[in-house]
Every structure is written in C-alpha cells, then in structure tokens.
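Some notes on the structure that comes next.
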Number of protein chains: 2
Amino acid sequence: MTAAPDAGSPAIRFRDPQIEMAHGAGGMASRRLVEGLFAPLLLASSTDPLGDAARLELDGTSLAITTDSFVVSPLRFPGGSIGELAINGTVNDLAVSGARPEAIVATFVLEAGLATDTLEAEVRAMSQAARRAGVAVVGGDTKVVEHGKADRMYITTTGIGRALPGLSLHPAAVRAGDKVLLSGPIGDHGITILLARGELDLEADLRSDTRSVFPMVEALVHAAGPGIRWMRDPTRGGIATSLNELARDCGLSLHLLEESIPMREAVRGACELLGLDPLHIANEGQFLAIVAPACAQAALDALHAAPGGEDAAVIGEVREQPAGTVLVKTRYGGSRIVDMLVGDPLPRIC
Amino acid sequence: MTAAPDAGSPAIRFRDPQIEMAHGAGGMASRRLVEGLFAPLLLASSTDPLGDAARLELDGTSLAITTDSFVVSPLRFPGGSIGELAINGTVNDLAVSGARPEAIVATFVLEAGLATDTLEAEVRAMSQAARRAGVAVVGGDTKVVEHGKADRMYITTTGIGRALPGLSLHPAAVRAGDKVLLSGPIGDHGITILLARGELDLEADLRSDTRSVFPMVEALVHAAGPGIRWMRDPTRGGIATSLNELARDCGLSLHLLEESIPMREAVRGACELLGLDPLHIANEGQFLAIVAPACAQAALDALHAAPGGEDAAVIGEVREQPAGTVLVKTRYGGSRIVDMLVGDPLPRIC
C-alpha cells in the first residue's frame, strides 16, 4: 500500500474558515474541500480523491472499496428511504467503478429517543435493497448520541467489490469522438426529495429513481467491454457536475444535445418553476458512460434491453474544444456552458 | 456470498419501544439490539454479529472487513482525539480478528458552522495515526448537516485487512486450561474521557491509551501462532463485557485473578470514588487473547518484548464451570461474578 502523505509540508489550499452546507453538496465547494484539505493531508498519493471507489490489489485480487454517509431528510420519500439509498448508493459506486458488489458493512448513528419502528423500517429497507442487489451485509456498528445531537439517524455504508475483468476505466482513456451515454431520465431523486419536504406549494407524480444500476452496468460491459472509457453515477451535483469533473480531468470537451437528455415532464416543470437547472439535480438510479464510437450502438442496444434501461440515450459526444468544458446545445439552437454545481440549492438529498 | 436473510419471517426479538443511550454503550442493551434486530433482519447468516470484523473470501484471498462510527465527546482529550480513535479503533478491530490492516476509507458527517481548524486538526490526527499504524487511507466521503443536527463531527471508518496465515480464532476453539492474556493496564481511555468532560470535581494524571495494537498482535502471532484461540479489543463495556461474550459463546468459565489485572492507581482511585467497576471501563489500546497453556509463557514473553506490551499479564484461565460465566477472585480471597455492562455510565466514549 502507498503510505499516507507526510503531514510535515502538505499543500493545504482550503481556506474557508468554517464548514457550510455547500461543502457537502457534491459540487464546487465539496471539490475544494476534498482537493484542498482531505487529499493532501490524508489520502494516499495513488488515490483519485473524487472517484467513486478506490482500487486495492491484494494477493492478485483486484478489489474496489467505497464508502458513503447518508443523511437524507426526510428519512422516507416516494420511491425510497434512507436505508434503501444507503445500500443502492454504495452498490452503484462499486458498479460504475467497474466492480461487482460483493459485501457491505453498515454503521448507524442514532439519536436517543428514536422510535424503534422507525429504525426497524430502515433496517428492513436495507435488507430488501441488499437482496435485490444481490449483495450481503456482513457487519456493522451502532452508536447512539443524545437527543438533539443527530437528526433521527445517519447511516454509513461501505462496499467491497471485485473488479470486472477487461475494463480500464479512466478519464485519460476518453477520446474525441467518444459518445456520452445516460441510462435514463434525470432529476427524479432530487426533485422528489425537494417536494417530499413539503416546504413548497407544489405537487408532482414523481418517485425517487433509487435502485441498483449494476444490472445495467453488467449489460453494458458485456456489450462494449474495453470500449467503455469511463462511468459515473451522477448523484449530488447531477450530470452537470459529473461531466464537468470528467471534462476537467480528461482535458476535452463534452457536447450535449439538450433534447436528447431524458427527463420527465414533472422534473422539467418543477425545475422551471424553481429556477433550478435539471442538469444539477441529483439522481440515485442512473449512470453516465463514455464509450468508443464503434461500440456506441451496441452499448445503447444493451442498455435498452436491460431491465430499467429502456430510456437510455446517447446524450452527446466528446470533442477536443473548448478543452475542459461542458456545453449543451439547447432546443432553440443556441449553446450554453454548463458549470458544476455551486452552492447547495437542495441540501441533504442523500 | 451468503444472501441477506429473507425478510418475510425474521425473528425480531428486540421489543424496546425506542432507542436509548445504552443501546450504543456496547453492553447488554447493544447486544439485544444487534442480536434482536440487526442480525435477523439484515446480516448474512454466516456473520458473527458481535465479532470485531467480518471475513470475506474473494478469489482465494482471505480478507477481514470492519466498520465503526466515532462520536466521542469531547473531540480532543489527553492522549488522543476523535480522528486518532477513528483510525486506531478500526486498525485494532482488524488486528484482533487476526488480520493485517491494509487500507481504510473514512466518512465525515459535519455540522454546518464547524471551524475548519477543528476539522483540519482531526484530519491531521487521522493522517498521523494512519502513518504510525502503517495503513493507507484510500477514500472517503463528506456530508454536512445543518447546525444543531450533529455534535460538530462524526467520523466513520472502515478497514480492510489481509488474514494472517496460520490462525484459527473462534470462541469454539477455547479449551479449559487456556490462559487469559491482557496487553496492558485497563480503563485509561474511559476514565480519561470522563475526566476530560470536566463535569466531575476530579483530576488525575491520565491519558487515553489509544494506539494501534497490531505490533503487539503480530508479536503474539509470531510467538504463539495456532496456540492463539481468540482475541478481542475490550473497548465499550470493558474487559468484563468482552469476556462475558466469550464465556457465553464458548460455554466455559473465565476465572480472573483481580490482583493480576494491570491497572493504574489513578484509574483504580477514580473508579472507587465514582462507584464504577474498572472491568467495565473502555480501553482503546489494549487487547485480550486466549492462548493454549503450552504457549502462554512464550506469548507473554513476546508481548513483553513488543513496544507497548511491557505491562502485559496473564490475568486468568479458562475452566469448565460455572459455564458461561466470568468470575474474579478478589484481593481479599473472595470470588464475585462479573457481569456484562448494563446501562451506560459513560456515554460517547468512542
């Protein structure tokens, strides 16, 4: 293993005096915190600090490991709950890193006074999600803090997976001409959470898209194998943030066609009313893939044939210029630059 | 992998209507929660729900994985801090499961408004502890919750380790006549935390014992190898709880000699004043081992020669009767039964 960096002279570039909600939103502020503080002080030099999962080689076995804390509010919402997210979110981070999820461990930070029924419902939700995703929960830990020191419950899951053979996923593998694939409609999760809070005088027939994307990833890998350059699940910060990170990391440009991006009318309408960009809204059951042009049709066909991939689409392509940028061509013929998420319009969505 | 249990007919024996602090204290109430709710609903049937780490066999590689959330209050205390505990606690769970710690991933739940200096100090503490323990931090995640929804910060770490060859640790391997070894003085951590809260009119020259026990475990394994039956780090609930779990699981009796149990005068004095049993007080840098009698002297010599093991001692032995019980022979010649921790005299000690 690579040792932790020496703490004697780390390049701490993070200068914000205190932590704000935006530092947990998965956008620009999160990136500054991770790259400016966590990575130089704590992370092994071989680590991709913003990747979905870390790679470990142990005795010739190639493993992926990923961890996430879940603090979503409310705990339950149409289509899912914190327990379900805690399993699917970790399963999906493994899947898009090109690994088959094998085992999960989970911890709970519980607030004293929490109703056992509430806890039991989430443990059941985790169990059902794990069974659906074909992954075993093999261990865990529970801590309890005084009433008022947590918001009912926080769950942390860590997943370990086995690398699927024949894949080499990396931003540096992306080439001009590659196609951008998206597994299905965007924004369902984030807008569902927003509406579930009941703070807006707005209703819509929407459900979170929380689910395991592994079956779709597996179908894609079967169809396109080494033609897959990169995958990511666009959770916090939406597809705009994931694709901006990719554009920056590969030094190329991503040109999206707005009308090709699948989106439900309810999401489009809510975003228009609220002044939100749907490209910034979190998803919990979708993934992005960059594939070589020769594989694009086979990849799309495979996604369409996989359960849950019916709405998959090619939403754009990779070009040389303008380097490091995401552009979207609108329905009206113009082009606009799509930035990473800045600030935190939707706190605690996962 | 073993699939998660079927949720259709689980045996939910946990009937407490709500979660109390004691459910996180590592004693009787924690055991009821884990065995009565988490294990039947969530954990794979092959899992030892109260073991320090789960075992995974992937492509012939034998791995250990363990996870813990850390919610200690205060964040900093003599001898350590939450960041240091978060690394050492997970390293130690791997070590006593007979695995060499290889990699750690970490998540942070931060309260909005937390001073960056406070976070940076803990990230540095983690980095230093990881370097000392020879383990790499390879990934992580950060969530932020509103001010008042967490107590500054909670850290969750998950560790993955590689099984040391030649070990077969299990309560069922324990035999009458085996010796009980302890690596050093008990109670330093718990009493240090208690005093650091400043709620008692009591002072003592004490520091937490937080450290990696892996070097001591490695020395023990080198000396006693397959003669080691079982190991455990007696954190929450102290050595009384760890040994009661063992006694119950192996169906034998553990006879301790009070005067042989290493303990500092400051811990003894504080416990007497406060009416606490030092056998129930948490440790963060000690471990218990059960070893075959033929190996006991070599094991003890190896611990004495290992850095930090100078105060290791044989504190008792395994007998047939009374089955499932821990007894301690006091300085005054009598014997008393030592129970698991009940309630939570020292909340949030890790």
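Please go through region A:41-51 and give me each residue that is in contact (Cβ under 8 Å) with a residue 12 or more places away in the chain and open to solvent by 30 Å² or more (accessible area, probe 1.4 Å), ordered by number.
If the condition is that a residue be in contact (Cβ under 8 Å) with a residue 12 or more places away in the chain and open to solvent by 30 Å² or more (accessible area, probe 1.4 Å), then A:Ser45, A:Ser46, A:Pro49, A:Leu50 are the ones that fit.
Can you tell me which residue among A:Pro74, A:Pro10, A:Pro101 is modelled with pLDDT of 95 or more and surrounded by fewer than 24 Cβ atoms within 10 Å (Cβ to Cβ)?
A:Pro74
More than 20 Å from A:Ala106 (Cα to Cα) and not polar (S, T, N, Q), is that true of B:Ala150?
Numbers: more than 20 Å from A:Ala106 (Cα to Cα): no; not polar (S, T, N, Q): yes.
Answer is no for this residue.
Within region B:104-121, can you find the residues that are more than 7 Å from chain A (Cβ to nearest Cβ), open to solvent by 10 Å² or more (accessible area, probe 1.4 Å) and in contact with an Asp or Glu (Cβ under 8 Å, 6 or more places away or on another chain)?
Matches in region B:104-121: B:Glu111 only.
Within region B:292-307, identify whether any single residue is in contact with a Ser or Thr (Cβ under 8 Å, 6 or more places away or on another chain) and more than 30 Å from B:Pro78 (Cα to Cα), and answer yes or no.
Step one: filter region B:292-307 for residues in contact with a Ser or Thr (Cβ under 8 Å, 6 or more places away or on another chain), giving B:303.
Narrowing further to those that are more than 30 Å from B:Pro78 (Cα to Cα): none.
No, region B:292-307 has no match at all.
Determine whether B:Ala266 is among the small types (Gly, Ala, Ser), open to solvent by 30 Å² or more (accessible area, probe 1.4 Å) and more than 20 Å from the chain's Cα centre (by Cα). Working first, answer last.
Numbers: among the small types (Gly, Ala, Ser): yes; open to solvent by 30 Å² or more (accessible area, probe 1.4 Å): yes; more than 20 Å from the chain's Cα centre (by Cα): yes.
Spelling it out, B:Ala266 is indeed among the small types (Gly, Ala, Ser), open to solvent by 30 Å² or more (accessible area, probe 1.4 Å) and more than 20 Å from the chain's Cα centre (by Cα).
In region B:305-346, how many residues are charged (D, E, K, R) and buried (at least 22 other Cβ atoms within 10 Å of the Cβ)? Steps first, answer last, please.
In the first step, residues of region B:305-346 are kept if they are charged (D, E, K, R); the result is B:310-311, B:317, B:319-320, B:329, B:331, B:336, B:339, B:344.
Filter once more, so that each one left must be buried (at least 22 other Cβ atoms within 10 Å of the Cβ): B:344.
Result for region B:305-346: 1.
Just the residues that are more than 18 Å from B:Leu42 (Cβ to Cβ) and among the β-branched types (Val, Ile, Thr), please, taken from region A:84-117.
Correct list: A:Val96 only.
Search region A:61-100 for residues being over 16 Å from A:Phe287 (Cβ atoms) and among the charged types (D, E, K, R), and hand back the single one that is nearest to the other protein chains (Cβ to nearest Cβ).
So, considering only residues that are over 16 Å from A:Phe287 (Cβ atoms) and among the charged types (D, E, K, R), the one nearest to the other protein chains (Cβ to nearest Cβ) is A:Glu84.
Between a first residue in region A:11-30 that is under 22 Å from A:Asn244 (Cβ atoms) and more than 8 Å from chain B (Cβ to nearest Cβ) and a second residue that is among the hydroxyl-bearing types (Ser, Thr, Tyr) and open to solvent by 20 Å² or more (accessible area, probe 1.4 Å), which pairs have beta carbons less than 8 Å apart while being 6 or more apart in sequence or on different chains?
Here the result reads A:Gly26/A:Thr235, each pair linking region A:11-30 to a residue that is among the hydroxyl-bearing types (Ser, Thr, Tyr) and open to solvent by 20 Å² or more (accessible area, probe 1.4 Å).
I'd like to verify a number: residues in region B:149-159 that are farther than 26 Å from B:Phe214 by Cα and within 7 Å of chain A (Cβ to nearest Cβ), how many? Lay out the reasoning, then the answer.
The first filter runs over region B:149-159 and keeps only residues farther than 26 Å from B:Phe214 by Cα, leaving B:149-153.
Filter once more, so that each one left must be within 7 Å of chain A (Cβ to nearest Cβ): B:149-151.
Of the residues in region B:149-159, 3 are farther than 26 Å from B:Phe214 by Cα and within 7 Å of chain A (Cβ to nearest Cβ).
Confirm whether B:Glu146 is open to solvent by 50 Å² or more (accessible area, probe 1.4 Å) and within 9 Å of chain A (Cβ to nearest Cβ).
Working: open to solvent by 50 Å² or more (accessible area, probe 1.4 Å): yes; within 9 Å of chain A (Cβ to nearest Cβ): yes.
Judged against the criteria, B:Glu146 is a match.
Here is a yes/no grid of residues against (1) modelled with pLDDT under 95; (2) over 19 Å from B:Gly308 (Cβ atoms); (3) crowded, with 22+ Cβ neighbours inside 10 Å:
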{"position": "B:Asp178", "(1), (2), (3)": "no, yes, yes"}
{"position": "B:Leu182", "(1), (2), (3)": "no, no, yes"}
{"position": "B:Gly190", "(1), (2), (3)": "no, no, yes"}
{"position": "B:Glu199", "(1), (2), (3)": "yes, yes, no"}
{"position": "B:Pro234", "(1), (2), (3)": "no, no, yes"}
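Could you please find all residues in region A:122-134 being within 7 Å of chain B (Cβ to nearest Cβ) and either open to solvent by less than 10 Å² (accessible area, probe 1.4 Å) or of a type in the set (Ser, Thr, Tyr) (or both)? So that I can check it myself, show each step before the final result.
Our first condition is that a residue be within 7 Å of chain B (Cβ to nearest Cβ); within region A:122-134, this holds for A:123-124, A:126-128, A:130-131.
Result: A:Val123, A:Met126, A:Ser127, A:Ala130.
Can you tell me which residue in region B:16-40 is surrounded by the fewest Cβ atoms within 10 Å (Cβ to Cβ), limited to those that are out of contact with any Ser or Thr (no Cβ under 7 Å at 6 or more places or on another chain) and part of a loop (DSSP other than H, G, I, E, B)?
For region B:16-40, the residue satisfying everything is B:Glu20.
The values are calculated or read from the model by the stated rules, or taken from the named source; none is laboratory data. Given the structure is predicted, the values throughout are model-derived calculations rather than measurements. A quick note on method: Cβ atoms are made from the backbone with ideal geometry, for glycine too, and the neighbour counts reach across all protein chains shown. To get the accessible areas, we keep the full protein, side chains included, count just its heavy atoms, and leave off ligands, DNA and RNA. Shrake-Rupley method; radii C 1.70, N 1.55, O 1.52, S 1.80 Å.
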